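Input: a single structure, listed below in structure tokens.
The values are calculated or read from the model by the stated rules, or taken from the named source; none is laboratory data. Here the structure is a predicted model, which means the values were calculated and not measured. Note that each Cβ is placed from the backbone with ideal geometry, even for glycine, and that neighbours are counted across all protein chains shown. The area values use the complete protein model at the heavy-atom level, side chains included, leaving out ligands, DNA and RNA. Shrake-Rupley method; radii C 1.70, N 1.55, O 1.52, S 1.80 Å.
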Amino acid sequence: MIADLPLWLSILVSAFVVLGALLTMAGCFGLVRLKSFYLRIHGPTMGTSMGGGLILLASAIYFTVTRERLVVHELIIFLFVSLTTPVTLMLLARATLFRDRVEGQIDVPRRPEKLAPKD
């Protein structure tokens, strides 16, 4: 079955999978290499969103052209990841920010002047 695929489809799907994997790997390197938690949380979320999206796109294209099954699986995974990743990022960042402010950490991002409580 795979040997019968057109060359253009093989190249397109392979390119999306490789590009998605590279973006996901870049997000992993960002997690390891960046210094503070506030910088580290951006790398994996970008890798998950864009890298995973490209891999899902490759899967959707492959199964659409080969007509083996509907692409419902890819759509559900994309929706789940698109909704949960930003929410998880926000919750982790706010929880860490609250903890760091309570502990009196020095390198905590400052509040904008509009939102700062009046003394």
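None of Leu23, Leu92 is closer than 30 Å to Leu5 by Cβ, modelled with pLDDT of 85 or more and under 19 Å from the mean Cα position of the chain (by Cα) except Leu23.
For every residue, the table says whether it meets (1) more than 18 Å from Gly27 (Cβ to Cβ); (2) outside any helix (DSSP H, G or I); (3) open to solvent by 80 Å² or more (accessible area, probe 1.4 Å).
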| position | (1), (2), (3) |
| --- | --- |
| Gly52 | no, no, no |
| Ala60 | yes, no, no |
| Phe63 | yes, no, no |
| Arg69 | yes, yes, yes |
| Val81 | no, no, no |
| Leu92 | no, no, yes |
| Val102 | yes, no, yes |
| Asp107 | yes, yes, yes |
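For Val13, the conditions (1) within 23 Å of the chain's Cα centre (by Cα); (2) open to solvent by 40 Å² or more (accessible area, probe 1.4 Å); (3) of a type in the set (Val, Ile, Thr) are fulfilled apart from (2).
Residues in region 27-39 that are open to solvent by less than 60 Å² (accessible area, probe 1.4 Å) and within 15 Å of the chain's Cα centre (by Cα): Gly27, Gly30. The set of residues in region 26-50 that are among the charged types (D, E, K, R), modelled with pLDDT under 85 and part of a helix (DSSP H, G or I) contains only Arg40. Of all residues in region 33-43, at least one satisfies being in contact with an Asp or Glu (Cβ under 9 Å, 6 or more places away or on another chain), without any contact (Cβ under 8 Å) to a residue 60 or more places away in the chain and closer than 30 Å to Gln105 by Cα.
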